[in-house]
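Please read the structure below before turning to the comments.
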Amino acid sequence: MNNFINIFEMSPRDGLQNEKTFITTQNKIKFINDLSMCGFQKIETSSFVSPKWVPQLADAHEVFTKINKVKDVKYTALTPNERGFDNAVNAKVDEVAIFAAATETFSEKNINCNIETSLKRFIPIAKKALKEKIPVRGYISCVSHCPYEGQVNPQKVAKIAKHLIEMGCYEVSLGDTTGKGSTDVTSGVLEECLKVLTSDKLAGHFHDTYQNALNNIQLCLEKGIKTFDASVGGLGGCPYSPGAKGNVATEKVNKLLISLGYRTNLNSKKIDECSEMALKLKMGKNYD
Ligand SMILES: [Zn+2]
């Protein structure tokens, strides 16, 4: 079991949320059904966010209730507020995620409040979730570099990560939203986070804008981190982070991990098929 690495598939949420062409609900459902055949333990399926913010994911409820859920796959959702959380529970999601930014300016631009307020707003969600026995995951965006403030203070990242765990998150995913984190920068972030949390509480979420993602993943592996977020076809970005390209591609991460002797239990052929489909959807094509 020791050499197992978990790839958390992000494409239906983090991948699609940045796509300007609306992908029909039917296409999303088929796409998620295909992803369910790849062997992922978890698929971030949608976000219960206001449709005004992310019109692409306005159909979260319909998607969640119409996909063919596969046993042993957990279908997760981002829940930015209490209302979103209630809607997520209604749609029977398996797990929810809450998030914070590592810099004040990104926090203000992304969720219209400072970091402290954003964390406070998530307390009732975390409480409700734990009461309902729904696992909560935490995200921190811009852990290495902020599009507005530049370099990020790694101690601040560590402090927020610890805070999220104390609120009840089982794990915190460290997001290099801009993709500008070199291994030196990432190393500093990990060092601070590992002073306050054990490696099993951390996950890596790298965007591959500047081809840093795979090197950063290798660095995380050396530090004992065993969960990585990725999107088939490298879909995704962030609507609030200008110029941010997609998540690191699942197929690339899978290949890297296998070549390093790790197990992922994923079906590479099915992943490649999903990756091709992801690119077609992005170009406005449909499932036949
Ligand atoms: Zn992302």
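Rule-based calculations on the coordinates, nothing more; no lab input. If you're wondering where the values come from, they're calculated on a predicted model, not measured in any experiment. Because the Cβ atoms are built from the backbone with ideal geometry, glycine has one as well, and the counts that use them run over all protein chains shown.
Size of the dipole of the chain about the Cα centre, Lys and Arg at +1 and Asp and Glu at -1 on the beta carbon, nothing else charged, in debye to 20?
500
Counting other Cβ atoms within 10 Å, keep those with at most 15, restrict to DSSP loop, and tell me which trypsin sites (Lys or Arg not before Pro) in the stretch 106-185 are left.
Within the stretch 106-185, the qualifying trypsin sites (Lys or Arg not before Pro) (loop, at most 15 other Cβ atoms within 10 Å) are Lys133.
What trypsin sites (Lys or Arg not before Pro) does the stretch 2-47 have in DSSP loop regions with at most 15 other beta carbons within 10 Å?
In loop regions of the stretch 2-47 (DSSP not H, G, I, E or B), the sparsely surrounded trypsin sites (Lys or Arg not before Pro) are Lys20.
Once every DSSP H run of n ≥ 4 in the chain is given -39500 (n - 2.57) and the sum is divided by its residues, what mean residue ellipticity at 222 nm do you get, rounded to the nearest 500 deg cm²/dmol?
-12000 deg cm²/dmol
Report the charge-dipole magnitude of the stretch 147-288 in Debye, nearest 20, computed about the Cα centre from +1 at each Lys and Arg Cβ and -1 at each Asp and Glu Cβ.
Using only the charged Cβ atoms, the result is roughly 120 debye.
Which whole-percent values make up P(r) of the stretch 130-206 when all C-alpha to C-alpha distances are grouped in 5 Å steps starting at zero?
Whole-percent P(r) values from 0 Å outward: 3, 18, 29, 25, 14, 7, 3, 2, 0.
Just add up the charged neighbours of Lys269: K/R +1, D/E -1, any other residue whose Cβ is under 15 Å from the Cβ of Lys269.
Within the 15 Å Cβ shell, the charges total -3.
Using only the alpha-carbon atoms of the stretch 193-288, report the extent along each of the three principal axes, biggest first, to the nearest angstrom.
Sorted from largest, the Cα extents of the stretch 193-288 read 49, 33, 21 Å.
Can you find, among Val157, Leu190, Cys113, the residue farthest towards the positive end of the dipole of the chain? Put +1 on the C-beta of Lys and Arg, -1 on that of Asp and Glu.
Cys113
Take the cross-link list Lys223/Lys270; Lys30/Lys71; Lys20/Lys128; Lys69/Lys162 and give me the ones stretching past 25 Å between alpha-carbons.
Check vs 25 Å cut-off fails for Lys223/Lys270; Lys20/Lys128; Lys69/Lys162.
With every atom except the alpha carbons ignored, what do you get for Rg and Dmax of the chain, in angstroms?
Looking at the chain, its Cα Rg and Dmax stand at 17.2, 51 Å.
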